[in-house]
Amino acid sequence: AAKKVLSALEHVDMKQLTDKKAHDHWMTISKEISNSANSISKISDIKAQRDHFKQLSAHLSKGVKLFGVDQKIYEQFCPMADNNKGAYWLSTTKEIKNPYFGEAMLTCGEITDEM
């Protein structure tokens, strides 16, 4: 999935970002998304991948909030992730499928925002 994110980033039409401020925001966010997705794709340790996924989710969420998407997106939150600090992720469905705990706590979480 991380490789699909990287591929999607390569296909972003930068001509759509005619506003300099929007362009600058995208350049910052896309760099962070790319860094996180690259890290996830290159390591096999699930704990380390989840740490990078937390960062990836934060930057994707910021991008969706700034630029929008052509479908409904749900921002979801698990309060127990990241050593009980909590962590967010995005989903295209209301159903909670917790990426931080997998099968152990698959439905732990809540929807915090709809975009």
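The values are calculated or read from the model by the stated rules, or taken from the named source; none is laboratory data. Quick caveat, the model's predicted, so the values are computed rather than measured. Heads up, the Cβs are rebuilt from the backbone with ideal geometry, glycines too, and the neighbour counts pull from every protein chain shown. Ligands, DNA and RNA are excluded from the accessible area calculation, which covers all protein heavy atoms including side chains. Shrake-Rupley method; radii C 1.70, N 1.55, O 1.52, S 1.80 Å.
Directionally averaged projected area (the chain, Cα convex hull): 7.3 nm².
Here is the list for the stretch 41-115: GluC sites (Glu not before Pro) lying in DSSP coil, each with at most 14 other C-beta atoms within 10 angstrom of its C-beta, are 95.
Based on Cβ point charges of +1 for Lys and Arg and -1 for Asp and Glu, what charge dipole magnitude is obtained for the chain about its Cα centre, in debye rounded to the nearest 20? Walk me through the intermediate numbers first.
Working: 16 positive and 15 negative charges, 50 e Å.
The dipole of the chain has a size of about 240 debye.
Computed from Cα positions, the angle between helix 46-67 and the longest principal axis of the chain comes to roughly 40 degrees. Protection proxy ranking, highest mean first, for peptides 60-69, 6-15: 60-69, 6-15, where packing is the per-residue count of other beta-carbon atoms within 10 Å, averaged. Calculated accessible area for the chain comes out at 66 Å² per residue, all protein chains present (probe 1.4 Å; ligands, DNA, RNA ignored).
Tell me the carbon and sulfur percent of the accessible area for the stretch 1-114, rounded to whole percent, probe radius 1.4 Å.
It is 52 percent, rounded to a whole number.
Computed from phi, the 3J(HN,Hα) profile of the stretch 83-93 under the Karplus parametrisation 6.51, -1.76, 1.60 (θ = phi - 60°) reads 6, 6, 8, x, 7, 9, 7, 10, 9, 8, 10 Hz, with x in place of Gly and Pro. Amide H contacts under 5 Å for residue 86: 81, restricted to partners 5 or more places along the chain or on a different chain, H placed in the peptide plane at 1.01 Å from N. Backbone N atoms of the stretch 15-40 closer than 16 Å to the 7 Å Cα→Cβ label point of residue 64 belong to residues 30, 33.
Using just the helices of the chain, give the 222 nm mean residue ellipticity in deg cm²/dmol: DSSP H runs with n ≥ 4 each add -39,500 (n - 2.57), and the total is spread over all residues, rounded to 500.
Details: 4 runs with 58 residues, N = 115.
It lands at -16500 deg cm²/dmol.
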